[in-house]
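The values are calculated or read from the model by the stated rules, or taken from the named source; none is laboratory data. Everything numeric in this text was worked out from a predicted model, so none of it was measured. Reconstructed Cβ throughout: ideal geometry from the backbone, glycine too, with neighbour counts over all protein chains shown.
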């Protein structure tokens, strides 16, 4: 059988860096092919070459047996290659149907858009694929999962037969992930070829037919999914043994209960409105004791983001109290909360956690800059000293304090945030999506750091879309559903199945 | 963990690359823009039937080639340095201050009023300081209005500063025309105190040129701006707000307070520029003295890439073009220099982001 995609000996360099060196990829028609590898392994470059966004320095690209090396994006689209990007490329002020037909609008006799036909086309495609989304809704009103469905519909609408999905589940909740998988399987059964770029080994194992592993720009393994295990894939990705603390079947580590003196974080009937005035958190009360990890699970958009922002001082509170070690900080600004012992790993490091143009050293003092200034002047030497220390303690690579944060890989950027927030003295840590978009090696490291802080008597509030992560790290687990805690239970009694029911609201719990 | 682990797997690649990158990013784009402008200039001159080489030689002789011309360049550059620094200071905080024109005028007006109010024989240093404070405060007030409206009500600073130009300039015109002018003119009487020595008083070769010690003040302000932006905690926070307001907020920085501070200080810097004309050159406030210098400050900040040193160089460059227009008037119309200024601005506005994008994307793809 002719492979749908055959890439051989692909070389691609950018200056001194060789993103691909002799990389290869062979995808058979009608299969789901997982392309895995750490951040910076060269997966994205390979896919950009496939999509015509860049030309390889050497090597050969074939699609359905035809040599297409060095083709353009429009050639690629015409040949039925559709790339679904990690970051959505939709116009929020247009409806779903309008977004889908953008660029190839059906027209009535005069130049106006034939909206009715567009909506019908969309509905038809929706029904065929199972990607259900109402054509008349505004994209800005869609949930992340729905927006992604629109993205997939968009490439299908343009006649894509070979789909490339870049980290499609990074922003989805477990039920949404399951829906997506069902859709992808159906598309495959209808004859589509799917390349899935991902970090998550459980997805790879569950969904794919074949796996290609990349490391350092090279293809290190190509294997049938049925013939391998997550541990083997992880070893191939990293080049060494890794403990899969976020892996599917890994049991939470047995840890001695370590209640410590002090009061940690205490939240009393907190109510928060969104910026649009909609109630997003309603009367939530909980405590996190020193030496304890409270994990919050939940489908994204159920108030977790707003809860953490309010705790961090970035969002006004309607009513309720927030206490750190017994001190009421509800009305205190961000800087004063730092002083009280609050550290915060924000969910979006590119938006909040880092100033990308600033150097690593300057980023490492963000939020504590006043302690590095004397009479209003920043003490460069101390900033540098601090940077060298944190870089070494948290193994940030490259170990260069004056490199712009933008130049670091996602995992290392996250390490900068973590070094800053955990490298200083704190008593309460808000860790929001601490391992999002981070490679396996860095995930392991970040988990270790969190557990170490726990054993040192820090109170940790962990919010994560990764159920595995919540289950593996937490002492107690809470599920947030529609702005309230649906349930709070010891992690030992929780499982993905149990939490899942609370997350989608089919089961109501004890913690209303 | 010890520092020794630094020497392990990831060898530190200190300094080398970032410095080269920064130098490349700072120098290459403006140079490309200038090259483009130069080629356009050649074509313009050729279209006039003149030899570009001859015209450029004349331009250089008339500006840098003799002390008078050079003095005039320095004088014009001084005002542009103030307005350029003002705009760039605002831009560092992510704010576009289009109000340089009225801030400069208000500053000059306040300096003149102070100079008029002070008794004859006030020691220069005291008079100078008082006039500068007055000029700075006047400019600062004009800058604080849009800052307040932005932080309090979310009004966009571009709209407010543009509109304030009309309001403030009209008010000043009303003051001068209605109350303070010398008959038959649109300027105030001569000030009694705070007259700055001209360069010609120090070196007679500058005779006739308007260059004066306000130049030194501009250099001091530029170094002050540099120090504040890149060494002070306030500057760290100001740039953070300009780059990523949400990250700054996360870092405990009050974005509104920084906006307030940045636009007010920006207005103060522009206002202080008023001393160049009022204390250094004419010794009175004249309606319309600022015309164009405030707006040209935007171009100066743009070409100078919002760095104080770059702003000084750009101010000097634009002053050369403007003075050069007079020198080449015999060969080609001096308006050609206005055209060339326009070309430079457009070239910088398009070429700088474009060239930087090319540089960056080459580098970014390198990281992928």
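Things to note:
- Residues that are on the phi < 0 side of the Ramachandran plot and within 15 Å of the chain's Cα centre (by Cα) were ranked within segment A:286-303; the one that is surrounded by the fewest Cβ atoms within 10 Å (Cβ to Cβ) is A:300.
- When residues of segment A:371-390 are limited to those that are within 26 Å of residue A:430 (Cβ to Cβ) and buried (at least 16 other Cβ atoms within 10 Å of the Cβ), the one nearest to the other protein chains (Cβ to nearest Cβ): A:373
- You will find that of A:50, A:35, the residue that is within 21 Å of the chain's Cα centre (by Cα) and either over 23 Å from residue A:238 (Cα atoms) or more than 10 Å from chain B (Cβ to nearest Cβ) (or both) is A:35 and no other.
- 3 or more residues touching a strand residue (DSSP E or B) at 6+ places or on another chain (Cβ under 6 Å) and within 21 Å of residue A:314 (Cβ to Cβ): qualifying strands (runs of 3 or more DSSP E) within segment A:403-512: A:428-432, A:459-463
- Residue A:484 vs. criteria within 17 Å of residue A:267 (Cα to Cα) and surrounded by fewer than 24 Cβ atoms within 10 Å (Cβ to Cβ): yes
- Helices (runs of 4 or more DSSP H) wholly inside segment B:157-266 that include at least 1 residues being away from chain A (no Cβ under 14 Å): B:157-175, B:199-202, B:214-231
- Among (1) more than 14 Å from chain A (Cβ to nearest Cβ); (2) at pLDDT 90 or above; (3) buried (at least 24 other Cβ atoms within 10 Å of the Cβ) - the single one residue B:117 does not satisfy: (3)
- Of all the residues in segment A:319-340, those that are touching a strand residue (DSSP E or B) at 6+ places or on another chain (Cβ under 6 Å) and in a loop (DSSP other than H, G, I, E, B) number 2.
- Selection within segment A:349-360: residues that are surrounded by 23 or more Cβ atoms within 10 Å (Cβ to Cβ) and more than 8 Å from chain B (Cβ to nearest Cβ). The member of this set that is nearest to residue A:386 (Cα to Cα) is A:360.
- From B:169, B:164, residue being at pLDDT 90 or above, within 25 Å of residue B:319 (Cα to Cα) and in contact with a helix residue (DSSP H, G or I) (Cβ under 8 Å, 6 or more places away or on another chain): B:169
- Applying the criterion of at least 3 residues that are free of Cβ contacts under 8 Å to residues at least 24 places away in the same chain to the helices (runs of 4 or more DSSP H) found wholly in segment B:277-368 leaves B:308-327, B:335-367.
- On inspection, residue B:280 fails the criterion of being under 21 Å from residue B:161 (Cα atoms) and either within 14 Å of chain A (Cβ to nearest Cβ) or buried (at least 24 other Cβ atoms within 10 Å of the Cβ) (or both).
- On the stretch given as segment A:395-416, residues that are surrounded by fewer than 22 Cβ atoms within 10 Å (Cβ to Cβ), under 20 Å from residue A:438 (Cα atoms) and within 10 Å of chain B (Cβ to nearest Cβ) total 7.
- Take the conditions (1) under 19 Å from the mean Cα position of the chain (by Cα); (2) crowded, with 23+ Cβ neighbours inside 10 Å; residue A:445 misses just one of them, which is (2).
- Residue in segment A:54-62 that is in contact (Cβ under 8 Å) with a residue 60 or more places away in the chain and either at negative phi or not in a helix (DSSP H, G or I) (or both) present: no
- Residue count, segment A:455-469 (criterion: under 20 Å from residue A:323 (Cβ atoms) and over 13 Å from the mean Cα position of the chain (by Cα)): 6
Here's the yes/no breakdown for (1) exposed (fewer than 15 other Cβ atoms within 10 Å of the Cβ); (2) at pLDDT below 90:
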site	(1), (2)
B:33	no, yes
B:45	no, yes
B:56	no, yes
B:71	no, no
B:76	no, no
B:126	yes, no
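- Options B:25, B:21: the member that is farther than 24 Å from residue B:334 by Cβ, part of a helix (DSSP H, G or I) and touching a strand residue (DSSP E or B) at 6+ places or on another chain (Cβ under 9 Å): B:21
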